[in-house]
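Worksheet: the structure to be examined is printed underneath.
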Amino acid sequence: MKILVVDDHALVREGLHQVLKGLDEQIEVLEAGHCAAAFELADRHDDIDLVLLDYQLPDMNGIDALDVFGEKHPELPVVMLSGASNRQMMRQAMDKGAAGFLTKTGPSQDMLTALRNVLAGEVHIPPELLLYGDMADDPDPSVERPHQLTPRQEQVLSMLLDGYSTRDISQKLFLAEETTKTHVSAIIRAFGVKTRLQAVLAAERFGYGKAEPSA
């Protein structure tokens with residue numbers, strides 16, 4: 001497992017590195033102190049499983065960085081980190097396609113539980129947003145149901161809905177990972193959204209099923 005941690009404080013990165021060992025003792029953690037370095041690492045390592053992205057960074061706001069990750073690596077789940085619990089900030093990050101929002105002040109076990117869910121293909125919605133009903137089902141009217149997906153894209157979408165990672169999809173469908181990523185990118189474009197997460201949410205909204213795909 002490989003996770004990219006993006007935070008401008010070395011002590012925070014080191015602390016997160018220790019916490020993340022709770023996911024896997026053999027975990028590989030890549031570190032970046034600013035967005036430019038993070039984008040470079042994401043370009044060089046196509047096997048990153050997850051990004052932990054700080055909200056406040058010296059060269060770019062975390063929300064803007066979400067857009068960049070969404071455009072360059074739409075299949076990569078990104079969880080936003082912040083030192084403050086701000087509902088407006090949380091909602092903004094989730095609307096931009098973040099796979100979750102976590103505060104640095106929360107218990108480490110809560111973080112690990114949330115990250116396990118995200119790695120399993122789920123979305124971690126902050127309890128503060130659920131409490132106040134901020135994440136009610138209010139579909140974006142600009143997102144339309146695709147006119148047509150190819151049979152292979154339908155297979156890949158079905159597996160995305162079941163929470164499979166790009167690597168798992170590639171193995172189960174006997175595809176190269178680059179080929180799978182091409183299909184995922186095509187699905188994202190078909191829904192007119194920017195990230196894998198947004199495509200999955202749109203697919204669920206339009207009633208796409210979860211039939212078990214075959215190779």
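Bear in mind that the values in this text are calculations on the coordinates, not laboratory data. Just so it is clear, the model here is predicted, and its values are computed rather than measured.
So what is the calculated 222 nm ellipticity per residue for the chain, using -39500 (n - 2.57) for each DSSP H run with n of 4 or more, over all residues, to the nearest 500 deg cm²/dmol? Each step should come with its number before you reach the end.
Values: 10 runs with 102 residues, N = 215.
For the chain, the value works out to -14000 deg cm²/dmol.
Mind scanning 2/72; 21/104; 21/96 and naming the pairs with a C-alpha gap bigger than 22 Å? Walk me through the numbers before you get to the answer.
On the way: 2/72 18 Å; 21/104 16 Å; 21/96 28 Å.
With Cα atoms farther than 22 Å apart: 21/96.
I'd like the orientation of helix 196-205 relative to the chain: the angle between its Cα long axis and the longest Cα principal axis, in ° from 0 to 90, rounded to 10.
50 degrees
Rounded to whole Å, give me the distance from the Cα center of the range 23-38 to that of the range 141-208.
That distance is 26 Å.
Rounded, prolate or oblate: which one fits the range 2-131, using the alpha carbon gyration tensor with axes a ≥ b ≥ c (rounded when a/c is under 1.5, else prolate when a/b beats b/c, else oblate)?
Working: a/c = 1.29, a/b = 1.09, b/c = 1.19.
Rounded, because the longest to shortest axis ratio a/c is under 1.5.
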